[in-house]
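Colleague: One structure follows; several queries about it will come next.
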Amino acid sequence: MPSKSAQKKNLRPADLAREHGLSAQAVRNYEQDGFLPPAERTPTGYRLYTDLHAAALRTFLALVRAYGHRTAGAVMNAVHDGRTDDALTAVHRGHGQVLRDRETLAAVRAAVDHLTAAAVPADPADPAGPLPRTIGDLAHRLRLTPATLRTWEAAGILRPARDPATGYRVFDATDVRDADLAHLLRRGGYRLADIAAVVEQIRTAGGTTALAATLAGWQQRLTDRGLAMLKASAHLHGYLAQEGRRSSALPSGSAAPPPLPPPPPSRHSSTPRRTAR
C-alpha cells in the first residue's frame, strides 16, 4: 500500500479533467460541492490534487452514470462526512428502483403476451362471446363494477367513445384490450398512474405487437443501468478503502477537513460559476 507521502501531489484540476473530457472549472466545482475531498493549496493558492482526488472523481462520475447526479452527489457527500451507512442507503434505494422497474417490465410483458394469445373476439357469433359495447357489458366481462371502469377512465386508462344519440359510453376492441391490460396490472398491485403510462405506450406504438420493440428497448436500458451500477459499486468500494486509509493516517487528535455543503438540487455542477485557481 503506498503511503500518504507516496501519493502524487502534483495533479492540477486540468490533469483530473482531461481524463474525463471535463473542464478544469467543473473539477473545481465538484470539489466545492463536496464530491471530492478538499485539496491542499500551495503558498500562492493553487490547488494540489492527489491520486485520492482522481479516485474520487472516477467514483463520482461512475455513480452519476448509474444513479444520476443527485444520488451520486449525496453518496459522495455522505462518504466525505463519514456517514457510510447513509451513502449505502442511497445506493440501495437506486437498486430498489431498478428492481421495481424490472418487475413492472415483466408484468407488462406477461400482460401483453396474454392479450396477444387471447385476442378479444370481434364477431358476435364467436363462441367466446360478443364484444362488450357498454360499460355494463365490460364490467360484467371483467367482473368489476361500472364505477371502477369510470375511475379507470378518469385516470386516462380507458377512452371510450360516446353514442351521439344517448351519450352513453361505447367500448370498441381497443378499449377492451386496454381494460384487460389494466385488470392484469391492477391484480399485480400497480398504481393507476403507472398503468395509464403503459397503456399510452401501447397506443403510441400502435398496438401490443408494435410494443415489443419498446419493451426490448426498456429491457436494454435496465441491463445497461444494472451493469453501470456494478461498475459504480466497484469504484465506490475501492474509494471507501482508499479514503479510509487516508483518514486513519491523520495524526492523532486531528480530523479530516469538514465537508462542504451539498449544492442546490436545481443547479448543474459542471456549469462554470467563477474564476478560480
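Every number in this text was worked out from the coordinates using simple rules, so none of it is lab data. Please read these numbers as outputs of a predicted model, since none were measured by experiment. Neighbour counts run over all protein chains shown; Cβ positions are idealised from the backbone, glycine included.
Colleague: Long-range amide H contacts for Leu11: which residues qualify at under 5 Å (H placed 1.01 Å from N, peptide plane, sequence gap of 5 or more or a different chain)?
Modeller: Here the answer is Tyr49, since their amide H atoms fall under 5 Å of that of Leu11.
Colleague: What are the semi-axes of the equivalent ellipsoid for the range 1-109, taken as the square roots of 5 times the Cα gyration tensor eigenvalues, largest first, in whole Å? Walk me through the intermediate numbers first.
Modeller: Details: eigenvalues 215, 44, 28 Å².
In descending order the semi-axes read 33, 15, 12 Å.
Colleague: I would also like to ask the following. Sort 168-177, 236-245 for me by packing, meaning the mean count of neighbouring Cβ atoms within 10 Å per residue, highest on top.
Modeller: Details: 168-177: 17.8, 236-245: 15.8.
Highest to lowest by the protection proxy: 168-177, 236-245.
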